[in-house]
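Notes for the one structure printed next.
Read-outs throughout are calculated quantities, based only on the coordinates presented, and are distinct from any laboratory measurement. Everything numeric here is computed off the predicted structure, so don't read it as measured data. A quick note on method: Cβ atoms are made from the backbone with ideal geometry, for glycine too, and the neighbour counts reach across all protein chains shown.
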Amino acid sequence: MTSRIFAWIGAVAVACASCAPTDVVVAELAAPGGDGGLGPSGPPCATNADCAPDDLCERPTCAAPLGRCRKRPVFCDALADPRCGCNRVTYWNPCMRALAGVPSDTPGECGAPAACGGPARLACPDPVARCARLASSPERCEIDPVGTCWVLAPACPPPTPGGVTWEPCAKGPPGPGPGVRCVETCAAIRSEQPHSRRPFPTCP
């Protein structure tokens, strides 16, 4: 009887040797400044409709007829790395472009961006885009200027010392709140109100 008990204990010990804790991947987050956390390439595709609902058809260039299905990111950071999407919308970084399912991009702001606002009330191709109404100087502020389409990160990054700053075109009493105050590019775009670039980057 005793030998049987020891044999049973030994069998349980062997069986539980593989009972160590294991990691379960719930979601993959985007690496800061990366490609948006895109997963390995999948099957070939021509459009997003050829891929799974949570994938996008990533193409090497906007003109390329075919690409490969890849996972869309589930989270994007606020690191500024503007990219021009195939829809002529400027995305805050490559991750935001991939999250939107836009198939490719080129570095930098769009040279021929999609227009928005203005007297014609133009709408952006991407429904979550903001209308950036940024003028190069106060003299170029207009009552209802035509803007350009941007998709921003969920939250603006902290202010960068010496970065570009903007102030509202419609100035009120100085001080905090609705009066004259300078903001960085992300906040100026998010407001969708006309802003002019300050001649000096430092806020007062």
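Within a Cβ distance under 10 Å of C110, other residues only, what is the Lys/Arg minus Asp/Glu net charge?
Charge balance near C110 sits at 0.
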Once both labels are modelled 7 Å past Cα along the beta-carbon direction, what's the D54-A187 spacing in nm?
3.6 nm
Given charges at Cβ of Lys, Arg, Asp, Glu: segment 44-107 dipole, positive-most of T106, P82, L56
T106
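Please work out whether segment 115-197 counts as rounded, prolate or oblate from its C-alpha gyration tensor, where a ≥ b ≥ c are the square roots of the eigenvalues and a/c under 1.5 means rounded, while otherwise a/b larger than b/c means prolate and anything else oblate? Intermediate values should be presented prior to the final figure.
Values: a/c = 1.97, a/b = 1.21, b/c = 1.63.
Here segment 115-197 falls in the oblate category.
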Under the rule a/c < 1.5 gives rounded, and otherwise a/b versus b/c splits prolate from oblate, where does segment 44-107 land using the Cα gyration tensor?
oblate
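Taking R0 as 30 Å, what's the FRET efficiency between S137 and A112 from their Cβ-Cβ distance, rounded to 0.05? Mind dumping the intermediate values first?
Working: r = 22 Å, r/R0 = 0.74.
The pair S137/A112 has a calculated efficiency of 0.85.
Charges at C-beta only: +1 for Lys and Arg, -1 for Asp and Glu. How large is the resulting dipole of segment 44-107 about its Cα centre, in Debye rounded to 20?
Details: 8 positive and 7 negative charges, 22 e Å.
So the dipole magnitude of segment 44-107 works out to roughly 100 debye.
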Here, A155 and L66, labelled 7 Å along Cα→Cβ, have an inter-label distance in nm of 4.3 nm
